[in-house]
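See structure below.
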Amino acid sequence: MALVEDGDFQHILRLYNTNVKGEHKVMFAITKVRGIGRRFANIVLKKADVDMNKRAGELTSEEVNKIQDVIQHPLSYKVPVWMLNRKRDMKTGKNMHIISNGLDTKLREDFERMRKIRTHRGIRHMWLLKVRGQHTKTTGRAGRTVGVAMRKKKFLCLVATQTVRPARPVVREDFERMRKIRTHRGIRHMWLLKVRGQVRIDLLPRRFRLLPDTSALLRTFVNEIGHGEAWGCKAV
């Protein structure tokens, strides 16, 4: 059963570059336009003297023009200033209500202004981070590495055994990674020095170099490095 039997019913109503469904009630239909919410749509219809029980497809051309005029000039119809979405504009200082494509233009101008004057909000917009104090540790990481990247296990077609990568390429890759990020271990690898805290006897002062027959006292010598001769370490 059709909602309206009149042949003038419009199933699609074009309003501010937006397709509005004619089957919906007027108050909810015009909320499809960007910048118009339910409360603003309610007061617009009241100021335009349009029945809110009507469907959008039942509106006449005069009613549509009246609705558009109220939306474009809300202050002239005594719409409260606090219901507008653009109060005290930065350039003009006027109170206005921005809709449709004008909303995108104003937002773009605001973002550019904040970036130019280097505000905290503008910098976070520039870095594509959250602006309103939200947590960013576990949310808003779309397009970035999330979690721990696990290596995929490779299996042979007929044998259920994991293929093992050769050890030498893995070690070389680890060394290159540590060198690139300039870790202490990577720098010592680059300088061809010992990495794991070993004591190089050839780099000690000459009077503390040990003979082969005293190598068993190495641990004690390291603990008492300043008193090597007191433990029976012969100088070379």
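The values are calculated or read from the model by the stated rules, or taken from the named source; none is laboratory data. The structure displayed is predicted, hence computed values, not measured ones. Cβ placement follows ideal geometry from the backbone for every residue including glycine, while neighbour counts extend to all protein chains displayed. Heads up: the accessible areas ignore ligands, DNA and RNA and are worked out on the full protein's heavy atoms, side chains in. Shrake-Rupley method; radii C 1.70, N 1.55, O 1.52, S 1.80 Å.
Quick test of your reading of the structure: Gly140 fulfils all but one of (1) in contact with a Leu (Cβ under 8 Å, 6 or more places away or on another chain); (2) on the phi > 0 side of the Ramachandran plot; (3) at pLDDT 90 or above. Name the failing condition by number.
Looking at each condition in turn, Gly140 falls short on (3).
Please verify whether Arg118 is touching a residue at least 60 places away in the same chain (Cβ under 8 Å), closer than 30 Å to Leu129 by Cα and open to solvent by 30 Å² or more (accessible area, probe 1.4 Å), treating the condition exactly as stated.
no
Any residue at all in region 115-129 that is under 22 Å from the mean Cα position of the chain (by Cα) and of a type in the set (S, T, N, Q)?
yes
Which pairs do you get when a residue that is assigned to a loop (DSSP other than H, G, I, E, B), found in region 188-205, comes within reach of a residue that is modelled with pLDDT under 85 and loosely packed, with under 10 Cβ neighbours inside 10 Å, reach meaning Cβ atoms under 6 angstrom, with the pair 6+ apart or on two chains?
none
For region 35-129, which fully contained helices (runs of 4 or more DSSP H) count at least 3 residues that are over 21 Å from Ile12 (Cα atoms) and among the hydroxyl-bearing types (Ser, Thr, Tyr)?
In region 35-129, there are no helices (runs of 4 or more DSSP H) which contain 3 or more residues that are over 21 Å from Ile12 (Cα atoms) and among the hydroxyl-bearing types (Ser, Thr, Tyr).
Please go through (1) open to solvent by 50 Å² or more (accessible area, probe 1.4 Å); (2) under 30 Å from Arg113 (Cβ atoms) for Val44 and return the number of the only condition it doesn't satisfy.
(1)
Mind listing just one residue for me: the one in region 87-103 that is surrounded by 12 or more Cβ atoms within 10 Å (Cβ to Cβ) and of a type in the set (D, E, K, R) and, of those, nearest to Leu75 (Cα to Cα)?
Lys87
Kindly indicate whether Met52 is touching a residue at least 24 places away in the same chain (Cβ under 8 Å), open to solvent by 50 Å² or more (accessible area, probe 1.4 Å) and within 20 Å of Val26 (Cα to Cα).
Yes.
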